[in-house]
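Encoded as structure tokens, the structure appears first; notes follow it.
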Amino acid sequence: MVNKINHGKLFEDRLEEGLIMLNLPYTREGSKRNYGVRGSNKGKFDFWVNNKIAIECKSVETSTNLRLPWPRVKTPKIAAHQLKALRAESEKGNIAGLLIEIRKINKLYWLDIRGLDDIVREFGMLPSLTVMALQKYGAETEDLNELLEVLNKWS
């Protein structure tokens, strides 16, 4: 039996390494590992950073794999409860969004949850996020640590 690589966990591990390197307190859901932060986001999203940044990580081969939880979309990559939790944090004044790695083109995007709402307003209920939509409403970066530093400054 061939072991399938869990790119999502590897991506989360890289993010966690960056948070530790930058000495940012966080909670990593799923593993419930804490680093200098109190409280928990109770499994709503992958990382709760510095008690003010909610991050849901997604690593996909192509953007067409980034399926959204709309009616008639089979096996969405982003769950409805994750979007709801990110929106709730944004409404509290916290930073909340999706950190998206598209492996085939080696791109990394930060999409604030409000940016997803903008995408839906402009393009409708896309079955999956497109690179064009991410480029228009997200922030592209090649350096994960640089993005973390920017998010921390925004918070």
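For Leu15, what charge total do you get from the other residues with a beta carbon under 9 Å from its beta carbon, if Lys and Arg give +1 and Asp and Glu give -1? Walk me through the numbers on the way to the answer.
Numbers: positive: Arg14, Arg28; negative: Glu12, Asp13, Glu16, Glu17, Asp46.
So the environment of Leu15 carries a net charge of -3.
Shape verdict for the stretch 111-155, please, from the Cα gyration tensor: rounded (a/c under 1.5), prolate (a/b greater than b/c) or oblate. Can you show the working numbers first?
Numbers: a/c = 3.49, a/b = 1.97, b/c = 1.77.
The shape class here is prolate.
So if I place +1 on the C-beta of Lys and Arg and -1 on the C-beta of Asp and Glu, and nothing else carries charge, what would the dipole magnitude of the chain be about its Cα centre? I want it in debye, nearest 20. Spell out each step's value before the answer.
On the way: 25 positive and 20 negative charges, 142 e Å.
Dipole size: approximately 680 debye.
What angle do you read, to the nearest 10 degrees and between 0 and 90, between the alpha-carbon axis of helix 144-154 and the longest principal axis of the chain?
80
Calculate, for the chain, the solvent-accessible area per residue in square angstrom, rolling a 1.4 angstrom probe over the heavy atoms of the protein chains.
On the way: 8640 Å² over 155 residues.
Value returned for the chain: 56 Å² of accessible area per residue.
Suppose every K and R has +1 on its Cβ and every D and E has -1 on its Cβ; what is the size of the dipole of the stretch 48-100 about the Cα centre, in Debye to the nearest 20?
Numbers: 9 positive and 4 negative charges, 41 e Å.
With Lys and Arg at +1 and Asp and Glu at -1, about 200 debye.
Could you tell me how many degrees, from 0 to 90 and to the nearest 10, lie between the Cα long axis of helix 80-91 and the main elongation axis, the longest principal axis, of the Cα atoms of the chain?
Taking Cα atoms only, the helix is inclined about 60 degrees.
Given the rule -39500 (n - 2.57) for each run of at least 4 DSSP H residues, summed and divided by the residues of the chain, what is its mean residue ellipticity at 222 nm, to the nearest 500 deg cm²/dmol? Working shown, then result.
Working: 5 runs with 56 residues, N = 155.
The helix contribution divided over the chain gives -11000 deg cm²/dmol.
So if I take the alpha carbon set of the stretch 61-155, get Rg, then get Rh from the Kirkwood formula, what is the Rg over Rh ratio? Could the numbers behind the result be given before it?
Details: Rg = 13.1 Å, Rh = 13.8 Å.
Taking Rg over the Kirkwood Rh, I get 0.95.
Out of the total accessible area of the stretch 52-115 (probe 1.4 Å, heavy atoms of protein only), what percent is carbon and sulfur? Write down the numbers at each step before the final one.
Values: 1490 of 3000 Å².
Answer for the stretch 52-115 is 50 percent, counting heavy atoms of protein chains only.
Work from the charge dipole of the stretch 74-145 (Cβ charges, +1 for Lys and Arg, -1 for Asp and Glu, about the Cα centre) and give the residue of Ala96, Met132, Ala80 farthest towards its positive end.
Ala80
Rounding to the nearest 10 and keeping the result within 0 to 90°, find how far the Cα-based axis of helix 113-123 lies from the longest principal axis of the chain.
On a 0 to 90 degree scale, this one is about 10.
The values are calculated or read from the model by the stated rules, or taken from the named source; none is laboratory data. Note that the structure is predicted; figures quoted are calculated from it, not measured. Glycine also receives a Cβ, built like all others from the backbone with ideal geometry; neighbour counts cover every protein chain displayed. Accessible surface areas use protein heavy atoms only, side chains included; no ligands, DNA or RNA. Shrake-Rupley method; radii C 1.70, N 1.55, O 1.52, S 1.80 Å.
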